[in-house]
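Notes for the one structure printed next.
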Amino acid sequence: MTITQLQYIVSVDNYRHFAKAAEACHVTQPTLSMQIHKLEEELGVLLFDRSKQPVKPTELGQKIIEQARTIINESEKVYQLTQEATGNFEGTFKLGIIPTIAPYLLPRFAKKIAAKMPEVEIVIEELQTNQIIEKLKKDQLDAGILATPLVEQSIIERPVYYEPFTAYVPEGHRLANEEFILNSELSPDDMLLLNEGHCFRNSVLNLCGSPGITTHSNIQFESGQFETLIKLADNGFGMTLIPYLAALDLEGQHRGHVKPIADPKPTREISLVYSRTQLKINLIETLANIIQSSIPEKLLENSVDVISPV
């Protein structure tokens, strides 16, 4: 039994496809299949049910694969201890970030992290919350940036900043003349929402107190981008809520339609999340410090009114 063989079976479990697993391991499929077959012969058990598509581990195979993940993580600690001692980070760091954060946060810190760790290949992928969690559990990501708190025992949350919600209220709306918006004035009946899968949508619905979908005559509106919601609002289809950093990026008359929400300001907690088995803790902490140095200082203050994304 070798570490390489264990890496192969973990890869097949991750991708549930031999060809994709081989590609991820940078070997040919025959090589990967042969090594897994040798491991199965050595153990005297079948690790994968190859008759199913996608490929699925057997019941015993799944237990062995979970143990293989632990062994691989433990073996990597030797290399990681050296990096932590010297402060010289190398290799690849894979980061997932949700779409309602990525466009407004990434430009603020991307160059800084690249300059701070020039020997590290930083791979950033835009994913939704459930995808980040799944990839963290399978060791396909080193960390994620998303809204917390979550209900995930295997995931550690490292809060980085606290981002208030702001209201985008266009001309002609019932709240257009207000200097600020009260929580009690928010209603799902005229609230433009992100579509299903976005945790910011869940937070808005939790804040408004009841589920709702904005409609105008026979048209139902949902979108995956704040920019679309803003344009719909400008055309008389309601109002929307956007995070503080997104509001800062608005220009001209759009900036004038942004209104603060009265205290206690509804806020989302943004965290770096990682698996409990994660080895690159120092690198993650370095990333957290860079992010905090790249945003308005007032966002570092802990809010007492964090709105849950779940």
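The values are calculated or read from the model by the stated rules, or taken from the named source; none is laboratory data. Model, not experiment: these values are computed from the prediction. Neighbour counts are summed over all protein chains in view; Cβ atoms, including those assigned to glycine, are modelled from backbone coordinates with ideal geometry.
Looking at I132, I124, just one residue is in contact with a Leu (Cβ under 7 Å, 6 or more places away or on another chain) and crowded, with 17+ Cβ neighbours inside 10 Å, and that residue is I132. In the stretch 260-284, of all residues being among the hydroxyl-bearing types (S, T, Y) and assigned to a strand (DSSP E or B), the one that is nearest to L95 (Cα to Cα) corresponds to Y274. Considering the stretch 267-284, and only residues there that are in contact with a helix residue (DSSP H, G or I) (Cβ under 6 Å, 6 or more places away or on another chain) and at pLDDT below 90, the residue that is farthest from I122 (Cα to Cα) turns out to be T277.
Within the stretch 40-54, can you find the residues that are touching a Ser or Thr at 6+ places or on another chain (Cβ under 9 Å) and closer than 16 Å to Q67 by Cα?
Our first condition is that a residue be touching a Ser or Thr at 6+ places or on another chain (Cβ under 9 Å); within the stretch 40-54, this holds for 45-49.
Result: V45, L46, L47, F48.
Considered as a group, the residues in the stretch 263-284 that are exposed (fewer than 14 other Cβ atoms within 10 Å of the Cβ) and more than 28 Å from Q140 (Cβ to Cβ) include one that is farthest from the chain's Cα centre (by Cα), and that residue is D263.
In the condition set (1) surrounded by 18 or more Cβ atoms within 10 Å (Cβ to Cβ); (2) at pLDDT 90 or above; (3) part of a strand (DSSP E or B), L193 is compliant with all but (2). Of the residues making up the stretch 145-158, those that are farther than 13 Å from K280 by Cβ and in contact with a helix residue (DSSP H, G or I) (Cβ under 9 Å, 6 or more places away or on another chain) are I145, L146, A147, L150, E152, S154, I155. In this entry, D13 passes the filter for residues that are in contact (Cβ under 8 Å) with a residue 60 or more places away in the chain and under 23 Å from D139 (Cβ atoms). Filter the stretch 295-310 for residues that are over 11 Å from E163 (Cβ atoms) and under 19 Å from the mean Cα position of the chain (by Cα) and give the result. The answer is S308, P309, V310.
What is the residue count in the stretch 285-306 for residues that are in a loop (DSSP other than H, G, I, E, B), surrounded by 13 or more Cβ atoms within 10 Å (Cβ to Cβ) and modelled with pLDDT of 95 or more? Number satisfying all stated conditions: 2. Of all residues in the stretch 240-258, those satisfying the criterion of being part of a helix (DSSP H, G or I) and in contact (Cβ under 8 Å) with a residue 24 or more places away in the chain are Y244, L245, A246, A247, L248, H254. Here F18 meets each of (1) closer than 23 Å to S75 by Cβ; (2) surrounded by 18 or more Cβ atoms within 10 Å (Cβ to Cβ) with one exception, condition (1).
Whenever a residue of the stretch 179-200 is within 19 Å of D305 (Cα to Cα), its partners that are basic (K, R) and assigned to a strand (DSSP E or B), lying with C-beta atoms within less than 8 angstrom and at least six residues away or across chains, give the pairs F180/K259; I181/K259; F200/R268. For V160, are the conditions met, namely being crowded, with 17+ Cβ neighbours inside 10 Å and over 30 Å from R69 (Cα atoms)? Here the answer is no, as V160 does not meet what is asked. When the stretch 22-74 is limited to residues that are surrounded by 12 or more Cβ atoms within 10 Å (Cβ to Cβ) and of a type in the set (G, A, S), the one that is farthest from T2 (Cα to Cα) turns out to be A24.
Among the residues of the stretch 221-237, the ones that are touching a helix residue (DSSP H, G or I) at 6+ places or on another chain (Cβ under 9 Å), hydrophobic (A, V, I, L, M, F, W, C) and at pLDDT 90 or above come to 2 in all.
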